[in-house]
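To start, the structure itself, in structure tokens.
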């Protein structure tokens, strides 16, 4: 079964500065693009239909752009019409963390990398079967390894 990690901000033991396991905030600012940094470290959102992967149909693995962990396989990607890469489930064993997001007068579930705490996007209960979930993920939070 998929290893979902549910964390709450208080007392979770996760890094409070979202800098990841492999570097400081300064190192991340140098390594990531400004959009990648804004999305992953400041919980930003790229404009719909603007990201590198929203319409990618290649087979492979989508990884966390900050720490490189496998997150979503292309076999679970679908066209949600939202303009962001959408998946119906994370890959087996993916370090996905979910927490309540009540910003902007909405109640949503934020999706983060459970290893480095990078903001990835949100999950909604309006996806296809077999899960009924739509993981709406910013392209800027992802790296892609094409299948060989």
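Evaluate the distance, in nm, between pseudo-label points positioned 7 Å from the Cα of residue 108 and of residue 70 along their respective Cα→Cβ axes.
About 2.8 nm, to one decimal.
Calculated FRET efficiency, residue 92 and residue 26, Cβ-Cβ r, R0 41 Å, to nearest 0.05?
0.75
Computed on alpha carbon atoms, what radius of gyration and Dmax characterise the range 4-146, expressed in Å?
That works out to 14.1, 41 Å for Rg and Dmax.
To the nearest Å, what is the center-to-center distance of the range 123-148 and the range 38-111, using C-alpha atoms only?
Taking the Cα centre of each part, the range 123-148 and the range 38-111 sit 5 Å apart.
Which FRET efficiency value, to the nearest 0.05, do you get for residue 100 and residue 48 by plugging their Cβ-Cβ distance into 1/(1 + (r/R0)^6) with R0 = 25 Å?
Result of the calculation: an efficiency of 0.60.
Values quoted throughout were computed directly from the atomic coordinates according to the rules given, and no laboratory measurement underlies them. Remember, it's a predicted structure, so these values are computed and weren't measured experimentally. Note: ideal-geometry Cβ built from the backbone for every residue, glycine included; neighbour counts use all protein chains shown.
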